[in-house]
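A short write-up of the structure that comes next.
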């Protein structure tokens, strides 16, 4: 991370005779026996990129002694300054990351793929790189050195010409993370989140079969759940048939068609019947990246029909070939399309290292297989939920698809699981949201933490779907999340921790604050801060508009305490104190003031201010255009003398509730025009 620093380099070989050398960054090549190593750092956009060149000579007529498979290269990188705090996002499994809050590089968790540093006067973001063949990650270093491990999970490689890391510094956490990931996207030729298209399907409320049936899903169960939604008037627009529908032998994929015992008529008739009788418009199915968890059965029809698109790995698995696999996914999705399936959830993406070790170098396998999947998914209009794929080789290998799961599974039966679910989603979003629209997973409305999960999804900025069992969906929990037709009130990006929470363990402090933004009116950006008490005691904490990254800057803001119905009028830097009971939560809508009357939108919705399409303030008047119906609310010092809704006088229906003015709107879909005269 600085010129002319000396890095300790350790090279592990297949048959021993390992080397340890001190290599000067941007210095001369080091030669030890038949190994040549050089390190250099260069500018890459607004970042610093480290690189390595390594070559093993292998003397003539001797048995080759090339790089080991697991951890062939380790580098110890001296840090110029010791940070005050470090937040490390590390793989705690092959597919999910979570945060660790540490003070020293010596405490760095194994397989850390993003490290955030807080200094006295700046912030830093360090991301180990995924190259052409190799992947780097951080592990425990020393008090003053980062330890970087480089691996391709393929033994016998003799030459390495790869990037090692990207590093940037800035005056804010957001800025330094965005700088690094913008450059990563450019290098890897993939889109950042703002340039990825979210398919229309995922702008509406959905449901998934997993927590309702697990692998016991069948046609009768799907029909029963769809009927329940119709009877309860829950406007679910899409359903995922999760694991359990596939035709398998010995837990390997046999056939592209659904299990004939569970779905005796396939999907076509079921999908047609449900679409004609309910609000459901789209069906999706789950499958694993390799077909099923361990791949494809050599005895099934898929192995025969798709032989040219498959390969057998060194460990004996029959799986889609990274180079030719597009045909496999294309053919499968053609069969699914013909049966009324519009999108897929592709799980097990983190199994690439498990399947292709000593077969194809890790980075190459990930890049080619994700490219094959996305090319095949063109038949689905790119409507893919990427899942179990938070390893950096997955994130940086998806060219176009928008959605990626942001945490381990919602676990309805695990006691006190909400804390871990909240922690993972909040901190993973710091970096994951730079590339993908983050999916904060399904949830049960009928759960002790159902309302907390609902608020979390409302501010998540991603798709929202429940997974209640038959008969158990509670409509009232979902109503604050969407319009009557199922369209979601989505925020602009993922919710993220406020700056004062990024480097401090919320389990220890007892609370976590999340901030997000969304469009407000025609040209303003509003936002909000959610506060979650992770302790069993009452806590008090402060919040201010300045903590919301991207909100419209102005002199004054209205802060609306959603659950208490209280209004605060503050400047940008001014703080208010909120008190949250043990295990409780709060939601504070923050909107720029444009006049003496601030429209808060629809009262019944958590992010009801997003229903406000336009606001025009006059000297003694306001005109607001809204989408949807419900109770429109204002924070106003004055009571309007006259109110018209779509040209109809509704002054008599105005209600005052403390500092709030409320008006129930007629049940009307679409656009509503409200004019106030003071």
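Bear in mind these aren't lab numbers, they're just calculated from the coordinates by the rules spelled out. Fair warning: this is a prediction, and the values are worked out from it, not measured in the lab. Heads up, the Cβs are rebuilt from the backbone with ideal geometry, glycines too, and the neighbour counts pull from every protein chain shown.
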Directionally averaged projected area (convex hull, Cα atoms, the stretch 510-593), nm²: 4.9 nm²
Residue separation between residue 71 and residue 649 times 0.36 nm, minus their alpha-carbon distance, gives in nm 200.7 nm
Relative to the longest principal axis of the chain, what angle (0 to 90°, nearest 10) does the C-alpha long axis of helix 268-277 take? 20 degrees
Label zone at residue 281, where the point sits 7 Å out along the Cα-to-Cβ direction: the stretch 204-224 residues whose backbone N lies under 17 Å: 204-207
Can you classify the stretch 596-678 as rounded, prolate or oblate using the Cα gyration tensor, where a ≥ b ≥ c are the square roots of its eigenvalues, rounded means a/c under 1.5, and otherwise it's prolate if a/b beats b/c and oblate if not? rounded
Summing -39500 (n - 2.57) over every DSSP H run of at least 4 in the chain, dividing by its residue total and rounding to the nearest 500, the 222 nm mean residue ellipticity is -5000 deg cm²/dmol
Given the Cα-Cα distance of residue 194 and residue 232 and 0.36 nm per residue of separation, how much length would full extension add, in nm? 10.1 nm
Residue list for the stretch 515-530, given a label point 7 angstrom along the Cα-to-Cβ vector of residue 485 and an amide N cut-off under 18 Å: none
Relative contact order as a percentage, the stretch 596-678, C-alpha pairs under 8 Å and 6+ apart, gives 34 percent
Order these peptides, 459-465, 254-260, by their mean beta-carbon neighbour count within 10 angstrom, highest first. 459-465, 254-260
Listed highest first by mean packing, meaning other Cβ atoms within 10 Å per residue, what order do 289-302, 8-21 come in? 289-302, 8-21
Once label points are set 7 Å from the Cα along Cα→Cβ at both residue 577 and residue 43, what is their separation, rounded to one decimal in nm? 4.9 nm
Nitroxide proxy distance, nm - points 7 Å out along Cα→Cβ at residue 107 and residue 420: 2.1 nm
In Å, descending, principal axis extents of the Cα set of the stretch 180-234: 49, 26, 15
Förster radius 30 Å - calculated FRET efficiency between residue 132 and residue 92 (Cβ-Cβ, nearest 0.05): 0.65
Enter the angle in degrees (range 0 to 90, nearest 10) between the Cα long axis of helix 362-376 and the first principal axis of the Cα atoms of the chain, meaning the one along which they spread out most. 50 degrees
Provide Rg and Dmax in Å for the stretch 6-189, with only Cα atoms included in the calculation. 16.6, 57
Distance in nm between pseudo-label sites at residue 616 and residue 62 (7 Å out along the Cβ direction from Cα): 8.4 nm
Give, in whole angstrom and from largest to smallest, the semi-axes √(5λ) of the equivalent ellipsoid of the chain, with λ running over the eigenvalues of the Cα gyration tensor. 46, 34, 19
Please determine, in degrees from 0 to 90 and to the nearest 10, the orientation of helix 173-188 with respect to the longest principal axis defined by the Cα atoms of the chain, where the helix direction is its Cα long axis. 50 degrees
Sort 238-248, 560-570 by packing, meaning the average of other beta carbons within 10 Å per residue, with the highest value first. 238-248, 560-570
Over the chain, what is the relative contact order in whole percent, taking alpha-carbon pairs under 8 Å and six or more residues apart? 9 percent
Between Rg and the Kirkwood Rh of the stretch 199-424, both from Cα atoms, what is the Rg to Rh ratio? 0.96
